[in-house]
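The structure under discussion appears below in the form of structure tokens.
Derivation of every value follows stated rules applied to the coordinates shown; laboratory data play no part. Note that the structure is predicted; figures quoted are calculated from it, not measured. A quick note on method: Cβ atoms are made from the backbone with ideal geometry, for glycine too, and the neighbour counts reach across all protein chains shown.
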Amino acid sequence: MDLEPEKNAPSEAENIEFAEPIPPKPLEILRDAEALVRRPTVAAIVPLLPGKIRDRLENASDVADNTLNELAEIDIDEISDWELRPARIKVGLSFVGFGALMIILLLLYSSILHPEQSALAQVGEYWYQYVCFVCLGVAGMFTLGREAMRPVQRRKRSKKRKNVLLDDEDSW
């Protein structure tokens, strides 16, 4: 009869396997972080505001909660490249438009503020702002160019298959 326990036998505590924690989705992290900042801020400001503004702020906070909860339910991995195309085009157009608008406003501002200077002197005084706005426009143009060069996939009906995706090269 052996009274000494075996030293090599694995104990039950060593055999326990723990489940891997599921990392939160990025939109859930955004929702939680925004709520941690917004809720205490709204709670601190609401007692100081008059009735009508207080109600509007609380309604806006509720709308933000609902919207961020809906966003947190979206699975980013399921969004296809094709579904993101309109958003990328809009961002590119926004960059180009904003850059052009700001250059025009900067030209107007400098011509009103310094009418005695030549156009070259005005640009020389505000060159840093001009460069930033031109860079915004160029970034937008690059985004639009990249979208223009992407192959477009169209749905074409065939007799064998109902929905077949074809590239532009195949449809020529």
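Only loop residues by DSSP count here, and only those with at most 10 other Cβ atoms within 10 Å; note down the GluC sites (Glu not before Pro) in segment 83-143 that meet that.
On the way: sites: Glu83, Glu116, Glu125; in loops: Glu116.
Of the GluC sites (Glu not before Pro), the ones in loops of segment 83-143 whose Cβ has at most 10 other Cβ atoms within 10 Å are Glu116.
Computed from backbone phi with θ = phi - 60° and the Karplus coefficients 6.51, -1.76 and 1.60, the 3J(HN,Hα) list for segment 36-46 is 5, 8, 6, 4, x, 5, 5, 5, 7, 8, 3 Hz; x is used for glycine and proline. In this entry, segment 26-76 is assigned a mean projected area of 3.3 nm², taken as a quarter of its C-alpha convex hull surface. The order of Ser118, Ser110, Ser94, going from fewest to most other C-beta atoms within 10 Å of their C-beta, is Ser118, Ser94, Ser110. Sorting Lys90, Lys25 from the fewest to the most surrounding beta carbons within 10 angstrom yields Lys90, Lys25. Seen from Lys25, the other residues with C-beta closer than 11 Å to its C-beta sum to a net charge of -4, counting Lys and Arg as +1 and Asp and Glu as -1. Each principal axis of the Cα atoms in segment 80-156 has its own extent, and those three values, largest first, are 63, 16, 15 angstrom.
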